[in-house]
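**Q** Dumping the structure here so I can ask a few things about it.
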Amino acid sequence: MQVIQTISELRALRNKMTTVALVPTMGNLHEGHLSLVKRAKEVADYVIVSIFVNPIQFGENEDFGSYPRTLDADCEKLAALGIDAVFAPTALEMYPNGSQSVRVVPSDIQNELCGATRAGHFNGVTTVVSKLFNIVQPNFACFGEKDYQQLHIIREMVVELNFPIEIISVPICRAETGLALSSRNGYLSDDEKSRAIYLSQSLQVMKDTITANADCDLRRVEKDCIQKLTDADWVVDYISIRNRETLAIAESTKEPLIILAAAKMGSTRLLDNLKV
Ligand code: PAF
């Protein structure tokens, strides 16, 4: 497995490859990332994993500085899976001017859900993902369903900007307790980790309520969940029942639904979602 830091070397290697699946990551790889890699191996002849903690998708008060950087351990895990190449550029290689003046701006959904409290986040994601797509020119790219809004925005981008890339989504990987795997779980204390499972349990209760009663008031179901999480010391960012194809606020249980959640346990912001 080659670990490549420059765009020119990556392009030279890619030119020797037939079909390529790209797995974009920010490193600190866990089983969730590895499930993306395993899926990538099924669809293409070669797999390239990018590891880049992208500064332009972090807000000023977010955890860019403390985001875990574990390149050696990540490469060991990827080598064990027989990956062909890791692209781990420096920030200077990706942003030689120190900033990025040309940006890819997603649709207005970027301002809702996670975007409502993370201004500019999705614009940073679509910009870096477009750059990675242009550099690697993959045939496929794999993204996890845990970041469901991100997945939706990238699908829109690929269609609207005519990237000839098939986006492959991979279901959430969960710990045995039900906790959705995330690099940020590493910030949780043992006590917080055991309490964090309440988030996925709460989404399951919402799902059960909706499936048991087709006439239920979806806004009421959201409010009840927010109240229960708040009572259990969570700071809820949003609990929102959406149409899982358009991400519009769902009005009826007859739509294809997904429950999207973001909430803070202590100082750690966790995401989860559940299809209904
Ligand atoms: O999901 C992530 O890890 C990041 O947002 C991504 C897609 C690698 C872009 O930096």
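**Q** Taking θ as phi - 60°, what are the ³J(HN,Hα) couplings along the stretch 171-183 by the Karplus curve (6.51, -1.76, 1.60), each to the nearest whole Hz, with x for Gly and Pro?
**A** x, 4, 9, 10, 5, 4, 6, x, 4, 5, 5, 7, 4
**Q** How large are Rg and Dmax for the chain when only the alpha carbon atoms are used, in Å?
**A** 19.0, 58
**Q** On average, how much area does the Cα convex hull of the stretch 1-103 cover when viewed from any direction, in nm²?
**A** On the way: hull surface 28.8 nm².
For the stretch 1-103, the mean projected area of the Cα convex hull comes to 7.2 nm².
**Q** In whole Å, what three semi-axes, largest first, describe the equivalent ellipsoid of the stretch 46-165 built from its Cα gyration tensor (square root of 5 times each eigenvalue)?
**A** Semi-axes from the Cα gyration tensor: 23, 18, 15 Å.
**Q** Name the GluC sites (Glu not before Pro) in the stretch 176-276 that are in a loop by DSSP and that have at most 12 other C-beta atoms within 10 Å, would you?
**A** On the way: sites: Glu176, Glu192, Glu222, Glu245, Glu251; in loops: Glu176, Glu245, Glu251.
In loop regions of the stretch 176-276 (DSSP not H, G, I, E or B), the sparsely surrounded GluC sites (Glu not before Pro) are Glu176, Glu245, Glu251.
**Q** Next question, about the same structure. What are the ³J(HN,Hα) couplings of the stretch 194-205, residue after residue, when phi is run through the Karplus curve with 6.51, -1.76, 1.60 and θ = phi - 60°? Round to Hz, x for glycine and proline.
**A** With coefficients 6.51, -1.76 and 1.60, one gets 6, 7, 5, 5, 4, 5, 5, 5, 5, 5, 5, 5 Hz.
**Q** Right, another one. Just from its helices, what would the mean residue ellipticity at 222 nm be for the chain, if runs of 4 or more DSSP H residues each count -39500 (n - 2.57) and the sum is divided by every residue, rounded to the nearest 500 deg cm²/dmol? List each step's numbers first, then the result.
**A** Values: 9 runs with 106 residues, N = 276.
Result for the chain: -12000 deg cm²/dmol, rounded to the nearest 500.
**Q** Classify the stretch 117-190: rounded, prolate or oblate, from the alpha-carbon gyration tensor (a ≥ b ≥ c, eigenvalue square roots; a/c under 1.5 rounded; otherwise prolate if a/b is larger than b/c)? Intermediate values should be presented prior to the final figure.
**A** Details: a/c = 2.43, a/b = 1.75, b/c = 1.39.
The shape class here is prolate.
**Q** Please express the shape of the stretch 1-53 as an equivalent ellipsoid: the semi-axes are the square roots of 5 times the eigenvalues of the C-alpha gyration tensor, given largest first in whole angstrom.
**A** Numbers: eigenvalues 72, 47, 9 Å².
They are 19, 15, 7 Å, listed from largest to smallest.
**Q** Set the Förster radius R0 to 41 Å, insert the Cβ-Cβ distance between Ser252 and Asn97 as r into 1/(1 + (r/R0)^6), and round the FRET efficiency to 0.05.
**A** Working: r = 48 Å, r/R0 = 1.18.
For R0 = 41 Å, the calculated efficiency reads 0.25.
**Q** So for the chain, taking the charge dipole from beta-carbon charges (+1 Lys/Arg, -1 Asp/Glu), which of Asn243, Thr253, Thr230 sits furthest toward the positive end?
**A** Value computed over the given set: Asn243.
**Q** Scaled to the compact-protein estimate 2.2 N^0.38 Å, what is the alpha-carbon radius of gyration of the stretch 140-276, rounded to two decimal places?
**A** Numbers: Rg = 15.6 Å, N = 137, 2.2 N^0.38 = 14.3 Å.
Compared with the compact-globule rule of thumb, the stretch 140-276 sits at 1.09.
**Q** Right, next: Given the stretch 144-222, what whole percent of its Cα pairs are spread farther than 19 Å?
**A** Values: 1759 of 3081 pairs.
Distances greater than 19 Å cover 57 percent of the Cα pairs.
FYI, it's all coordinate maths here, none of it is from the lab. Worth saying up front: this structure is predicted, and the values here are computed from it rather than measured. Backbone-built Cβ (ideal geometry, glycine too); neighbour counts: all protein chains shown.
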